[in-house]
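Below you'll find the structure, written out as structure tokens, and then a few comments.
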Amino acid sequence: MLAVVIRAHGGPEVLHIESLPTPEAAAGEVRVDVSHVGLNHLDVWVRRGVAGHDFHLPRVPGSDVAGAVDGQRVALHPSWGCGSCAACVAGLHNHCRQFRIRGESADGGAAEVLVVPQTHVLPVPHFLTNAQAAALPLALLTAWHMLHRRAEIRRGERVLVQAGASGVGVMAIQVALLAGCEVHATASSPEKRQLIESLGARAWAYESIGVREVDVVVESVGKDTWASSLRALRWGGRLVCCGATTGAEVPLNLRALFFKQISLLGSTMGTAADMLAAWEAVVAGAIRPILFAEGSLTRLGEAHDLLESRAVIGKVVCEQDLARA
Ligand SMILES: [Zn+2]
């Protein structure tokens, strides 16, 4: 089978199409004929490399996958634990020391065929295309875990989502609205703010956030929005962070932290139970994917360029067309 393989970190030119042995499904596993792969910022980190982190190259990228198992349309859980350690048995798969993310610490879906445990399969409802389904799992799981498990949002709370038009942002807005929260979000352009308003949230430019006394701030931007995130929080508010796209080193005034009694919460991916709960909302039609552009795996580098341009509103998804290479 053909697959995209990263053998060394670098620019989009390190995304090579190679012929690999076609994997065979063992007991308890299924063969997925991949049709679409959704991109995340994680794909860019895996390709570029991160100082001090070993991605164990070579690696087939691609965390978000849609395809078919015996003709049935499926999407896939993007992450899993070992299943047998104390964290996994407690249902905290993302605390497992052997936690794996597809396309990051295990081979991903940028291939013609993928073999996965039967338990990783999520059914795609009839009203979603495979491209739309591939836009959902990782960002939705991340948003769901941040808001429900870490920040423990409650009906009527006020939530501010920084970078509301990002992949995680559009999911966080929808998850918070679905939970009955009042949702505000920031974005850099009128087009992005229009999308945010269309989802049912109030949109703000970064430099003129007009909401205060927020119960929960959703952070994935890091350095550039840190000060405004802390300023927006009410006394006793919670800031939940799943990323740092503009930089991970931020100033922290401990007097503000203890005086305002702020909780700072870190969050990575989520548990299998979170994915199943979030996917129920997808099947019910309560969470919708926001597709920005559809590219192809034979031109995956171009899709990476687009993702890095920050012009993206929602998700970039690639069609699996490797046979054309
Ligand atoms: Zn485990």
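The values are calculated or read from the model by the stated rules, or taken from the named source; none is laboratory data. Everything numeric here is computed off the predicted structure, so don't read it as measured data. All Cβ positions, even for glycine, are placed from backbone atoms using ideal geometry, and neighbour counts span all protein chains on display.
Before moving on, here are some points about what is shown:
- If the condition is being in contact with a Ser or Thr (Cβ under 8 Å, 6 or more places away or on another chain), not in a loop (DSSP other than H, G, I, E, B) and not polar (S, T, N, Q), then region 140-171 contributes Leu141, His145, Met146, Arg149, Arg150, Leu160, Val161, Val168, Gly169, Met171.
- Pick from region 55-102, criterion assigned to a strand (DSSP E or B), within 18 Å of Met275 (Cα to Cα) and among the hydrophobic types (A, V, I, L, M, F, W, C), ranking: nearest to the ligand (Cβ to nearest atom): Trp80
- Check on Gln118, more than 16 Å from the ligand (Cβ to nearest atom), surrounded by fewer than 24 Cβ atoms within 10 Å (Cβ to Cβ) and at pLDDT 95 or above: yes
- Considering region 42-60, the residues that are charged (D, E, K, R) and under 20 Å from Ala244 (Cα atoms) include one that is modelled with the lowest pLDDT, namely Asp54.
- Close pairs (7 angstrom Cβ cut-off, 6 or more residues apart or separate chains): surrounded by 22 or more Cβ atoms within 10 Å (Cβ to Cβ) in region 207-219, among the hydroxyl-bearing types (Ser, Thr, Tyr) anywhere: Val217/Ser229; Glu219/Thr225; Glu219/Ser229
- Selection of region 241-265 for residues being under 16 Å from Gly169 (Cα atoms) and more than 15 Å from the chain's Cα centre (by Cα) yields only Thr246.
- Applying the criterion of being β-branched (Val, Ile, Thr) and more than 15 Å from Thr142 (Cα to Cα) to the residues of region 258-298, the residue that is surrounded by the fewest Cβ atoms within 10 Å (Cβ to Cβ) is Val283.
- Subset of region 3-41 [part of a loop (DSSP other than H, G, I, E, B), polar (S, T, N, Q) and either modelled with pLDDT under 95 or within 21 Å of the chain's Cα centre (by Cα) (or both)]: Asn40
- Some residue of region 205-213 being within 28 Å of Ala303 (Cβ to Cβ) and in the same structural domain as Glu152 (by TED's automatic domain parsing): yes
- Within region 209-237, tally of residues that are closer than 11 Å to Leu160 by Cβ and part of a strand (DSSP E or B): 9
- In region 38-61, the residues that are surrounded by fewer than 14 Cβ atoms within 10 Å (Cβ to Cβ) reach residues that are of a type in the set (Ser, Thr, Tyr) with C-beta atoms within less than 8 angstrom, at least six apart or across chains, in these pairs: His56/Ser105.
- Checked against (1) among the charged types (D, E, K, R); (2) over 30 Å from Glu319 (Cβ atoms); (3) buried (at least 17 other Cβ atoms within 10 Å of the Cβ), Arg102 passes all but a single condition, namely (2).
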